[in-house]
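Asks: This is the structure I want to talk about, given as structure tokens.
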Amino acid sequence: MTFEVGDKVIYPNHGLGIVERIEDKTILGTTCGFYHLRIVANDTSVLVPVSNVDGVGLRRAIGDQEVERLFGLLGDGKIDNHQNWKGRFKDNSEKMRSGSIYDVADVLKSLTFLAKSKSLSFREKRMLDRAKFLIVSEVSEVMRESAPAIEARVERALERCFMANARTTARAKVVKAAPRVAAAASNRRAVRAS
């Protein structure tokens, strides 16, 4: 993937950046092309080798139609639920490094859901805050809306997700209990008949 000066790009785990210039630098006798990015959130500069764009997960910011897909994913009721901390943290860390906003949305959903039932570790709390920041900052830039307005929209989508998840869980319990209820009723009928 190639970028031009002025393009808005996402640098995984850092957020939105703007390509300020493309330059060649010679390091240890080898000349390479670099994208010079300015990270919007903290106004820092980052150099990304043109040849390693895919390796670091640099991508274009999402478009308007992808924003709607993102909010659909945030509100769909499907939540990854790892029971052990180590596996959960490893999976979530990989998703955060992937550069995909949809992977970051999965992390946001699962950690927000988990935080409703227990305290998160310091590292998971920090990851949750980072996931929310990355989503809010990218969407607010794409939609040209304030971060607080986008954050409120994210919160509403997460609430829809948790309500849909609760309904699905309740239905599953009813379906699972149905054979036991039917068996108990059959036993009662058999007892009365004898």
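The values are calculated or read from the model by the stated rules, or taken from the named source; none is laboratory data. Small disclaimer: the values here were computed from a predicted structure and weren't measured. Ideal geometry is used to build each Cβ from the backbone, glycine not excepted, and the neighbour counts take in all protein chains shown.
Asks: Give me the pairs, please: first residue somewhere in region 104-132 and in contact (Cβ under 8 Å) with a residue 60 or more places away in the chain, second residue anywhere and part of a helix (DSSP H, G or I) and surrounded by 13 or more Cβ atoms within 10 Å (Cβ to Cβ), beta-carbon distance under 8 Å, and either six or more positions apart or on two chains.
Replies: Cβ pairs passing all conditions: R130/M96.
Asks: If you don't mind, another one. If a residue must be basic (K, R) and in contact with a Gly (Cβ under 8 Å, 6 or more places away or on another chain), how many such residues does region 61-112 contain?
Replies: Residues in region 61-112 being basic (K, R) and in contact with a Gly (Cβ under 8 Å, 6 or more places away or on another chain): 1 in total.
Asks: Restricting attention to region 39-98, and to residues there that are aliphatic (A, V, I, L, M) and part of a loop (DSSP other than H, G, I, E, B), which single residue is surrounded by the fewest Cβ atoms within 10 Å (Cβ to Cβ)? Outline the logic, then answer.
Replies: Taking region 39-98 and keeping what is aliphatic (A, V, I, L, M), we get 39-41, 46-48, 50, 53, 56, 58, 61-62, 67, 70, 73-74, 79, 96.
Subsequent filtering for residues that are part of a loop (DSSP other than H, G, I, E, B) retains 40-41, 58, 61-62, 79.
Working: V40: 16, A41: 12, L58: 23, A61: 19, I62: 20, I79: 19.
Here the residue is A41.
Asks: Kindly provide the set of residues from region 1-38 that are surrounded by 13 or more Cβ atoms within 10 Å (Cβ to Cβ) and either assigned to a loop (DSSP other than H, G, I, E, B) or in contact (Cβ under 8 Å) with a residue 40 or more places away in the chain (or both), ordered by number.
Replies: F3, D7, K8, V9, I10, Y11, P12, N13, H14, G15, L16
Asks: Next question. Can you find a residue that is among the basic types (K, R), free of Cβ contacts under 8 Å to residues at least 40 places away in the same chain and part of a helix (DSSP H, G or I) anywhere in region 134-144?
Replies: Checking region 134-144: not a single residue is among the basic types (K, R), free of Cβ contacts under 8 Å to residues at least 40 places away in the same chain and part of a helix (DSSP H, G or I).
Asks: Out of all the residues in region 71-95, which are in contact (Cβ under 8 Å) with a residue 12 or more places away in the chain and either out of contact with any helix residue (DSSP H, G or I) (no Cβ under 6 Å at 6 or more places or on another chain) or outside the structural domain of A131 (by TED's automatic domain parsing) (or both)?
Replies: From region 71-95, those in contact (Cβ under 8 Å) with a residue 12 or more places away in the chain are 71, 73-82, 85, 88-89, 92-93, 95; that's our starting set.
Across region 71-95, the qualifying residues are D76, K78, N81, W85, R88, F89, S93.
Asks: Is it the case, given these coordinates, that S121 is polar (S, T, N, Q), in the same structural domain as L134 (by TED's automatic domain parsing) and surrounded by fewer than 16 Cβ atoms within 10 Å (Cβ to Cβ)?
Replies: Against the criterion (polar (S, T, N, Q), in the same structural domain as L134 (by TED's automatic domain parsing) and surrounded by fewer than 16 Cβ atoms within 10 Å (Cβ to Cβ)), S121 qualifies.
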